[in-house]
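Step one of this worksheet: look at the structure below.
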Amino acid sequence: MTYANIKTDLPGPKSKVIMDKMERFVAEAKVKKSLVPSIIKEANGAVIRDIDDNTFIDLAGGVGSLNVGHSNPLVVDQIIETSKKYTHTDFTVIPYEPYIDLAEKLCTKAPGTFHKKACFLNSGAEAVESAVKIARKYTGKKAVICFEGAFHGRTYMALTLTSKVRPYKAEMGPFASDVYRIPYPYTYRWPGHPNEEEVCDIAIEQLKNVFEYRVAAEETAAVIIEPIQGEAGFIVPPIGYLNRVQQLCKDLGILFIVDEVQTGFGRTGRFFASEHFGLEPDLITVGKSIAAGLPLSGVIGKAEIMDAAGDGAIGGTFVGNPVACSAGLAVLEAYDKLDLGHRANEIGGKIRATFEAISEKSSLVGEIRGVGAMVAIELVNDHSTREPATEQTTRIIQECVQRGVILFKAGIYGNVLRFLCPLVITNEQLDEALSIITEVIESVETVKS
C-alpha cells in the first residue's frame, strides 16, 4: 500500500479555490508560513488527506503537537464525551475534575520526589510567561537568564527569551527588560570545534561570567533552558552540562526552569527529556502534545514555588479548558497503552540508520543528532567549514511535499531537517517516507554537483 499519493499538481483545483480566498482574508503572516500548498480534508494517525484526495505522510506532526497522532480515537471519544456535558465554566468560577485529574497525573510524572503542583494555560508561550512570573514572585528577584538559539514563544516575554531575530523579533521591539542571553553549548558549531567536554566547560564559565559582568546572582530569579533546543535544530547539550547548570542555580539560589513544550510527552523516548539527564527542575513548562492539538499548556513545579504567585496572578478566561483537559487525560492513556516512549526510540533508530546510510553517499549530511524520535539532520555544503546548505534544505523539503511527505526544517540558518512525526506512525509509513526523502536528497545532490 502506498500512503504518499499525489494525484494533482499542488495546490489541487479544489485547494486552489480555498487558498485564493485565504489570500484575500487571512493575515499574510499566516498565509506565507504555510508549508503545504493544500487544504486538509481529514487526517488519521500519521496520514493527511487534502480536499483534492492527495495523501501525505506527516513527519511534522503539527510541529510536535501530535505525538499520539491525528484524530486519535481515545482523544476524540473523550472530547465528544466531555463536550456533551459542558464546554466551559472558567475554573475560577466553578472547578471541574478533568483539570484536577490532569494536574495530579502530570505532577506524578514530573521528575523530583518533592510535592508538586500544576496550573494550566492556553499555549506554550503563555506557560513560559507564567513560569517567569511565578519565579519572580517567589524569589522577589527580577533577572532571567536565557540562551542563544532558544525558542520560547512569540508573546511579549516569551519573544524576549526567544533568540532568532528573523522572522520572529525584527521590528517587534522594544522587548522586556532584565533578560540576559548566553551561548547554548552547540558543539557542532562551537568556534574552533573543540570536543564536547571542552565545550561544556567553556559554556559553564560563560554562565558564571554573567554573574560577574552583567547581572548579580542575588538579583537573578531564574535560568530558563530547553533540555534539547527545538527551533535551533534539536541541539543536544554535552553530557553533564544541564546537571552543572542546575547545580549552579541551586548553589546561587536561582530557580531552574526547564522548557519541555516540544520535548515532553514521549518525544525523546522518556515522558520528559529531563529524565534522560537526571534533572529535577524547579519548574517545567509543557504544551504542544499535551492535548493532541487542542489549545492547552501548563506549568508544573515545586508546590511552594507554584503557590507563591498568589490568587489571580496566573490565569485567564479559557486556560485549562475542560474539553482540552479531558483530551490531555486521553493523551496520557494513549501514551501508556501504546507504549509510545518505546516507540519513539524505535522511530529514532530507523531515522538515524537511514541517514547514516545516506551520509555514506551524500556530502550534504553534516551531523545526525537527537534523542528518541526527536532527530535532526544538519545539512552542509562543506564538512570542513560546515557552511550551511540552506538552499538545498529548502529544495529538499519542497520536493518532499510535492511527493507526499511533509517534512519540517529548523536551525539558525534554516539548514536542518527535523523529524516530529506522530509516534503512532507505522513502520510501513515511515519506511515509505524515508525512501522518498532518500531519493529527493540524491536528486538534489545530483543537481548540486
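The values are calculated or read from the model by the stated rules, or taken from the named source; none is laboratory data. Quick caveat, the model's predicted, so the values are computed rather than measured. Methodologically, a virtual Cβ is constructed for each residue, glycine included, from the backbone with ideal geometry; neighbour enumeration extends over all protein chains shown. To get the accessible areas, we keep the full protein, side chains included, count just its heavy atoms, and leave off ligands, DNA and RNA. Shrake-Rupley method; radii C 1.70, N 1.55, O 1.52, S 1.80 Å.
Here are the numbers for the structure shown:
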| read-out | value |
| --- | --- |
| Residue tally, condition in contact with a strand residue (DSSP E or B) (Cβ under 8 Å, 6 or more places away or on another chain) and in a loop (DSSP other than H, G, I, E, B), over the stretch 162-184 | 4 |
| Some residue of the stretch 112-122 being at positive phi, open to solvent by 50 Å² or more (accessible area, probe 1.4 Å) and not aromatic (Phe, Trp, Tyr) | no |
| Those residues of the stretch 313-328 which are of a type outside the set (A, V, I, L, M, F, W, C) and open to solvent by 30 Å² or more (accessible area, probe 1.4 Å), in sequence order | GLY315, GLY316, THR317, ASN321 |
| Which listed residue, of VAL210, VAL236, is touching a strand residue (DSSP E or B) at 6+ places or on another chain (Cβ under 7 Å) and open to solvent by 10 Å² or more (accessible area, probe 1.4 Å) | VAL236 |
| Test set (1) open to solvent by less than 60 Å² (accessible area, probe 1.4 Å); (2) touching a helix residue (DSSP H, G or I) at 6+ places or on another chain (Cβ under 8 Å) - LYS337 fails condition number | (1) |
| Any hit, the stretch 373-384, residues being part of a helix (DSSP H, G or I) and buried (at least 22 other Cβ atoms within 10 Å of the Cβ) | no |
| Evaluation of HIS193 against (1) surrounded by fewer than 18 Cβ atoms within 10 Å (Cβ to Cβ); (2) assigned to a strand (DSSP E or B); (3) not aliphatic (A, V, I, L, M) (one fails), failing number | (2) |
| The lone exception for ILE290 - which of (1) closer than 25 Å to GLY69 by Cβ; (2) in contact with a strand residue (DSSP E or B) (Cβ under 6 Å, 6 or more places away or on another chain) it fails | (2) |
| Unmet requirement for HIS70, which otherwise passes all of (1) more than 28 Å from ALA232 (Cα to Cα); (2) crowded, with 16+ Cβ neighbours inside 10 Å | (1) |
| Residue that is outside any loop (DSSP other than H, G, I, E, B) and open to solvent by less than 40 Å² (accessible area, probe 1.4 Å), where the choices are LEU423, LEU434 | LEU434 |
| Residues (within 25 Å of the chain's Cα centre (by Cα) and polar (S, T, N, Q)) located in the stretch 39-54 | ASN44 |
| Residue among MET157, MET172 that alone is hydrophobic (A, V, I, L, M, F, W, C) and open to solvent by 80 Å² or more (accessible area, probe 1.4 Å) | MET172 |
| Meets criteria (touching a residue at least 40 places away in the same chain (Cβ under 8 Å) and more than 18 Å from the chain's Cα centre (by Cα)) for ALA313 | yes |
| Some residue of the stretch 162-182 being within 22 Å of the chain's Cα centre (by Cα) and polar (S, T, N, Q) | yes |
| Unique residue being in a loop (DSSP other than H, G, I, E, B), loosely packed, with under 14 Cβ neighbours inside 10 Å and without any contact (Cβ under 8 Å) to a residue 12 or more places away in the chain when the list is ASP53, ASP9, ASP20 | ASP9 |
| Condition broken by TYR180, with the remaining ones in (1) open to solvent by 50 Å² or more (accessible area, probe 1.4 Å); (2) closer than 25 Å to PHE211 by Cβ; (3) of a type in the set (Phe, Trp, Tyr) satisfied | (1) |
| Test: residue in the stretch 88-102 that is among the charged types (D, E, K, R) and without any contact (Cβ under 8 Å) to a residue 12 or more places away in the chain | yes |
| Only listed residue being assigned to a loop (DSSP other than H, G, I, E, B) and among the aliphatic types (A, V, I, L, M), chosen from VAL210, VAL215, VAL199 | VAL215 |
| Residue selected from the stretch 343-353 under the condition open to solvent by 60 Å² or more (accessible area, probe 1.4 Å) and closer than 28 Å to LEU102 by Cβ, by the criterion farthest from the chain's Cα centre (by Cα) | GLU346 |
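So that you can scan it fast, the table gives a plain yes or no per residue for (1) among the hydroxyl-bearing types (Ser, Thr, Tyr); (2) open to solvent by 10 Å² or more (accessible area, probe 1.4 Å); (3) closer than 20 Å to CYS107 by Cα; (4) part of a strand (DSSP E or B):
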site: GLY298; (1), (2), (3), (4): no, no, yes, yes
site: GLY341; (1), (2), (3), (4): no, no, yes, no
site: PHE355; (1), (2), (3), (4): no, no, no, no
site: SER363; (1), (2), (3), (4): yes, yes, no, no
site: GLY370; (1), (2), (3), (4): no, yes, no, yes
